[in-house]
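Everything on this sheet refers to the single structure shown next.
The values are calculated or read from the model by the stated rules, or taken from the named source; none is laboratory data. This is a predicted model, so every value here is computed, not measured. Cβ placement follows ideal geometry from the backbone for every residue including glycine, while neighbour counts extend to all protein chains displayed.
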């Protein structure tokens, strides 16, 4: 029978969680009730106790001390780690096929931490008192369905029962759809992911055309911080065969302080996955800010370009470019799979080509030389006189990736 997990703090939400579990069983699913509470005894009996959840962390001398202090923040952080370890193991073992949780602030933090660790496509529903606000830090880059609780998750009444029953129905639909997807013959093509910005659209479009003609499905991610994190998450899920990382611009924002950073883990996933990867320094000439008034005062006197009324671009200088080259090299030096670096010497974006506002040969030279200097031997670097959106450069990116994929297969 298909089994779904009902996870939550059974000391404070046990009655409500048990109601949802009963509802799901009434729809034909088996349930596995998982307690991630920290303080009082469960208000309803779970199938997996909090001690069993904590055991998923392995021997940890700090567990008893943290629980003894009864500090809410510490306990939430501890149970989030434990729930993640427990749930990911259950999914890997094929013991659960969907997960649902109810919670306020603490319960939402614990449950969504576990959900974010699960693969894209695995059914996840979170009923939360926080679902109507800013949910980015709960959802992350995965497909968690957040359902507003409307009233507090505190007792059963005509409103809460309606919300909980709807959430159970939503999970049931997601699980059923996932089951049908698993049963039908797969005609899916291997996935290639690509990073793109408006300033690298020409390159990615041409490379995508070639790679798709070779029998792959190309998923394009906009390098706006969220897009880069989503791409990294998909690579980490194991669903990706290769990477066209044409647009590594998010590292410029991470280093300099722009608004479109994808975080310090950008470029890590492909290396850990060991899959064929092409990397170019696309759009590392620019740092993104909002309207001109939002540019921090310490950047007065720098070179700017108003991309549109809401976006102001700042040209990276030679010192920053040298740092970016070193960062990219250090990331790529840890790659376990085949990786090739391609350098478009004629311009790393539309606006850095000769005659354009961000044309700065000294900055580009600092970027290229630093990257080559810090890169370990054995990683090929191919230089092209053309700009990044030249069809010949795009074709070379596609050809290099396809060669890696062919050698791997």
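Here are the criteria: (1) over 30 Å from residue 393 (Cβ atoms); (2) free of Cβ contacts under 8 Å to residues at least 60 places away in the same chain; (3) assigned to a helix (DSSP H, G or I). Tell me which single one residue 212 does not satisfy.
So the condition that residue 212 fails would be (1).
Applying the selection to the range 81-107, what residues are touching a helix residue (DSSP H, G or I) at 6+ places or on another chain (Cβ under 6 Å) and without any contact (Cβ under 8 Å) to a residue 40 or more places away in the chain?
Scanning the range 81-107 gives a single hit, 84.
Being without any contact (Cβ under 8 Å) to a residue 60 or more places away in the chain and closer than 15 Å to residue 154 by Cβ is the filter; apply it to the range 12-50 and report the residue that is surrounded by the most Cβ atoms within 10 Å (Cβ to Cβ).
Among them, the one singled out is 37.
Is it fair to say residue 217 is out of contact with any helix residue (DSSP H, G or I) (no Cβ under 7 Å at 6 or more places or on another chain) and not assigned by TED's automatic domain parsing to the domain that holds residue 148?
Working: out of contact with any helix residue (DSSP H, G or I) (no Cβ under 7 Å at 6 or more places or on another chain): yes; not assigned by TED's automatic domain parsing to the domain that holds residue 148: yes.
The answer is yes for residue 217.
Show me the helices (runs of 4 or more DSSP H) entirely contained within the range 102-198 in which 3 or more residues are modelled with pLDDT of 95 or more.
Qualifying helices (runs of 4 or more DSSP H): 105-116, 158-183.
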